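A short write-up of the structure that comes next.
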Amino acid sequence: LESLPPSLGRSFSSQFDRRRVFHWRTIEPLSRFSRLRAYASFALRILRVVPKLFAPAIAAATTFAQAQTLPPVMVTGSLQEWELAAATRGPLRQFGDGFGSGQAALGRGTVSYGPSARLKVGRDWSEWCCGYQGEVVWSGRGSARRRITINGLRAFGLFIEPQSRRSERISFVLSDGQFITKMVSGAGGASFFGFVGDGVRSISIRDESGGAFAFGDLRYVDGWGFAITPDVEEHALSTDMVKNAFKVELDAPYDTGGYSGNLTYLLIDNLDDEFYSEVIGSIYQLWPEGTYTNPLTRTQISDLVPQGLNPGFYDEFSVEWGTDPGPTVQTNLVRQAPYTVYGSTRHSVYNVPSESQCSGDPSPVFIVQGTTCANAVYLNGTLDSDFASQTAINGTGISVNYGVVKALAATFANSCTNRPQGSDTSNTFVEVTAVTGACGTTLGNSSVATFPLFNHYRSGDPRSQKDPKCGNSILAVNSDNTNKFVKTVADLCPACGQANQNNGADAHIDNFTTDAACEGGSFTDIPGSPFWTANTRNDKK
Amino acid sequence: MRRSSFVVNLISFCRYNVMTVALTCMATFMPLSQPSLAQTAAERVARRVPDFSVTYEDATTHLRVIPGPRSSTLLAVTSLHQPERAILLPGYPGDVEYFEKAPGGLFLVVAKAGTASNHIYIVDVKAGRVVDHFLCSSPVISPNHRYIAYIKFFPERGVDEEQSSHFAMLYDVGRGDERQARNSTSDPNDVGRLLFPPSRLLARTRRGGIPVTHYFPSGFAWSPDSTKLLFLDNVFPGDPISNGALHEGNVRPSPAVPPSPAVQLILVDLTAATPTVSRFKTERCRDSVSEFCQIYLRGVRFGAGSLTVALGGPPSDRNPVKPSDFDLTIPYAHFTAQ
């Protein structure tokens, strides 16, 4: 207990006596397994003595033992049915791109299918089903069979389609002998086959017509092939990246049948298969009731080994308990946690030119008043020549006599055909009421500019879910894991998309400052840059 | 030892006093109400031209950068058998990055302008004047120094996606009439010829209410003989025209692919009277960290009948030696004309 974090140790102590109260929750199959293993061992001894005589009986006993040890496996040809059953085993996951030549990594599990050609739906394989556009694995020319070895998966399913455009009978056979067979159309009619349960070591797919086929759009729940059934009645998860508070509530004790292991927080990037986990503490035998709120090591950017959360789009947060190696219990509830981690990020500083800080000669300019080409009024005016040059480059400037002005190329007036003779992007400026960014809001010391900005996509378009967006919160973290600042996305920084502007960091964000200078790029990067940076989307999860 | 130290100290003393006298004179003649401005301007000049090591020298010409009066920058030119002359570089340039000699006795001067833009000066050193000057981004001068490929200038901040969409431009130093070839009437930054996107596609600026924008993440690559120009284009959103992917091992033709960020290689051939633009659709890129397709042109090798490109993710300190994600060898014939 002394090695535990204070919160966990306290909870463990307080819950220790409750173990007997919840004794009825002890997992029976494990103890039963031990007995059956003894029976099997005894049977094997007999088998050595009189193998021919008792072989059939021993085989039957072994099969019986397995059937009693592992929960039953469900095989189905319905995706909906599979999803309902698989969701009880853990978070459902999907795999479409990134097949290896003979194997694919599915979270903590794998499927091996032997050397195969990988084809792209929509390019190499024209029709599939249900909008799927990822990769598929081809059984090969004239090859009507394919065996897939399963490892580390608690539920698995896939879509299969014959190469021929006809409907052909496809069989899906599990290693335990269960199978399902059905007719599948080759004309965009890829159909689902799957199983839910532990202990399946392989599946065999067969096109009964003797033709080739392809499989893809894999669905799975990863975990250990031999697992303890989760028995957590209620739990709740919440995350707050800014406060660095990741919370899990455990409402019921859980007897692990003698195993000991660690409580681990998981952040998962399903898009890029990034996986971040952090062991919060060791809990022995009992999963104690209580609420645990812990910080994560968000960053530790060192010169040699960057640590912490790698760049990625982390969309899930969950908690698991497990030994290594050994069975793992993962919470059924997966909290959606859409954090985009940019990783090591250069934080440069930008400002708008201020005429009061310039020392050039007066130069004639056009000052535009109005908001449309129709009502625009062009006045003859004078601006400091250095200020005019810098404002034309920067896009916005603060003049002495005309207030805030924008460069012609950044305004509506750029496309007006009724501009006076001699007006161009170097000498024409539009009066505006405030220094605003691409988001249309007034810029202040807590505004940042990013690239790109996904603001123009309508609801329903997948890209509308992408970031950064106007109003998103950008969190910068010091190397000691303390917060540097939280700022708001308010502007577009086209130069931030150029890798050579990153100064070796993973990303680049520009921070607005109200400090005055004649030049737009007068200020050096924020001291301490680069910082580990994430887009928290300004909400708690 | 003592003598040399004395000499050094004497020199330092004199330099210090000369500078002091000079600064005192400057302060005397400056308006009393603006002493800080004078100091700010001096500091700025010192910072903008941090050293004077950017020089060019050949058998006939020597160029160097010197700070000019107030906030301007001068180009000091020494031609054969002539005294040094100063040419004013207008437009409040930042650091001069490099010089290149161009045909016709011209010189190209590339200077910083803001954080991601450049001033280009075409200088006639014989006549002692700036022939042309414009703003741009990512300029790359061809190996024969005749062409400048660049991204058309747009303000660095306060612009939206449409206003910051990239246009590939070409300035032909050898023509000598690029000012006349520009599209608008008088804009000093609207200069050169538009290469891409083709003008016939410019009308299609919006698709389904979403602006179609282009982004060239890797700059331009010139062929050694300066006849071909290659660059990478990311399209937002995906351009359906580019979805007819060219690939090996075709099984069945592709149906419509949903719009997505698309990557295409643009090849410009300058051998014809009018540059011909063609493109090769590489692959639908896989979204990365910021949900933005970050594929960069890492290298190009121009061959006789084909070119080989190395495409990969952006370099970073996490992956300083990240290998190319994929190499493509593409026959020129596989580029589809626009």
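Data overview
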quantity	calculated
Complete set of residues in segment B:142-161 that are among the charged types (D, E, K, R) and facing chain A (nearest Cβ under 9 Å)	B:Glu156, B:Arg157, B:Asp160, B:Glu161
Leading residue by the ranking (nearest to the other protein chains (Cβ to nearest Cβ)) among those in segment A:442-470 that are part of a loop (DSSP other than H, G, I, E, B) and modelled with pLDDT of 90 or more	A:Leu443
Of all residues in segment A:120-153 being buried (at least 20 other Cβ atoms within 10 Å of the Cβ), within 14 Å of chain B (Cβ to nearest Cβ) and touching a residue at least 60 places away in the same chain (Cβ under 8 Å), the one that is nearest to the chain's Cα centre (by Cα)	A:Glu135
Near pairs, Cβ below 7 angstrom, 6+ apart or cross-chain, from segment B:61-76 (of a type in the set (A, V, I, L, M)) to any residue that is at pLDDT below 75	B:Val65/B:Val49; B:Val65/B:Phe52; B:Val65/B:Val54; B:Val65/B:Thr73; B:Ile66/B:Phe52; B:Ile66/B:Leu74; B:Leu74/B:Gly68
Check on A:Phe192, within 27 Å of the chain's Cα centre (by Cα) and in contact (Cβ under 8 Å) with a residue 40 or more places away in the chain	yes
Given (1) modelled with pLDDT of 85 or more; (2) part of a loop (DSSP other than H, G, I, E, B); (3) buried (at least 16 other Cβ atoms within 10 Å of the Cβ), number of the condition B:Leu230 does not satisfy	(2)
Wholly enclosed strands (runs of 3 or more DSSP E) of segment A:323-441 bearing at least 1 residues at pLDDT 90 or above, more than 8 Å from chain B (Cβ to nearest Cβ) and over 30 Å from A:Leu475 (Cα atoms)	A:362-369, A:377-384, A:404-407, A:428-431
Considering residues of segment A:482-515 that are aliphatic (A, V, I, L, M), touching a Pro at 6+ places or on another chain (Cβ under 9 Å) and not in a strand (DSSP E or B) only, the residue modelled with the highest pLDDT	A:Ala505
Matching residues in segment A:506-519 - criterion: being closer than 16 Å to A:Asn445 by Cβ and either free of Cβ contacts under 8 Å to residues at least 60 places away in the same chain or surrounded by 21 or more Cβ atoms within 10 Å (Cβ to Cβ) (or both)	A:Ile509, A:Asp510, A:Asn511, A:Phe512
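So that you can scan it fast, the table gives a plain yes or no per residue for (1) part of a loop (DSSP other than H, G, I, E, B); (2) at pLDDT below 90; (3) under 30 Å from B:Leu88 (Cβ atoms):
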site: B:Leu135; (1), (2), (3): no, no, yes
site: B:Pro139; (1), (2), (3): no, no, yes
site: B:Tyr150; (1), (2), (3): no, no, yes
site: B:Ser165; (1), (2), (3): yes, yes, no
site: B:Arg179; (1), (2), (3): no, yes, yes
site: B:Asn183; (1), (2), (3): yes, yes, yes
site: B:Leu195; (1), (2), (3): no, no, no
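The values are calculated or read from the model by the stated rules, or taken from the named source; none is laboratory data. Treat the numbers as computed from the prediction; the structure is a model and nothing was measured. Cβ atoms come from the backbone with ideal geometry, glycine included; neighbour counts cover every protein chain shown.
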